[in-house]
Amino acid sequence: MSRVEDSLVVCDQCGLAHRWGPVGPGAVARCTRCDAVLGRGHRLSIGSILALTVAAGAAYLVAINASLLTITLRGGADDATLPEAIGVAWQGGQKLVAVVAALTALVAPAAFIFFRLYVLIPLAANRRSSSPATSSAAPETAGTLPTR
Ligand SMILES: [Zn+2]
């Protein structure tokens, strides 16, 4: 991140290069020439988003291991977790229902949480371990980003 190219952003509308800097929470960075939006500051930090994702993972693990359903078969009722209910649906011949339920209730949330963690953990680790970058050789056309 210490290279000059890494700290520049070019306006999609007019092509003017700007030196990129941190954009505050809720702020909008705009082009100084054409007023196009170049970027927005996130209201939550990377650490906050990571903490929420870890909490989502914990809630997911609790949800898939908790007895959410009551399965009634041949007069008997039994509490079941969601994976158990999907297994019962599969064994009962409702394979399409089992597959759709497994994809939407088990695989998709797990993949969403996993890929968020896959992106956020290196971002959070890099943010903590890297030293502040200084660049002194910025092009003459580059200006600082105005934020509103
Ligand atoms: Zn522009």
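Every number in this text was worked out from the coordinates using simple rules, so none of it is lab data. These figures come from a predicted structure and were not determined experimentally. For neighbour counting, all protein chains shown are included, and Cβ atoms are generated from backbone atoms with ideal geometry for every residue, glycine included.
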Q.
Compute the distance from the alpha-carbon center of region 6-26 to that of region 63-104, in whole Å.
A. 51 Å
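To make sure I understand, if each residue's beta carbon is the centre and we count other beta carbons within 10 Å, what order do Thr32, Thr53 fall in, fewest to most? Let's see the in-between values first.
Numbers: Thr32 14, Thr53 19.
Placing the least packed residue first, the sequence is Thr32, Thr53.
Could you work out how much longer the chain between Arg127 and Ala36 gets when fully extended? Use 0.36 nm per residue separation minus the Cα distance between them, nm to one decimal. Write down the numbers at each step before the final one.
Numbers: separation 91, 0.36 × 91 = 32.76 nm, distance 2.79 nm.
Separation in residues times 0.36 nm, less the Cα-Cα distance, equals 30.0 nm.
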Q. Where in region 38-76 does the amide nitrogen come within less than 12 Å of the point 7 Å from the Cα of Glu84, taken along Cα to Cβ?
A. 65-72
Q. Computed over the Cα atoms, what is the radius of gyration of region 1-123 divided by 2.2 N^0.38 Å, N being its residue count?
A. 1.72
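Sorting Tyr60, Tyr118 on the 10 Å Cβ count, fewest up front, what's the list?
Values: Tyr60 15, Tyr118 10.
The order, fewest Cβ neighbours first, is Tyr118, Tyr60.
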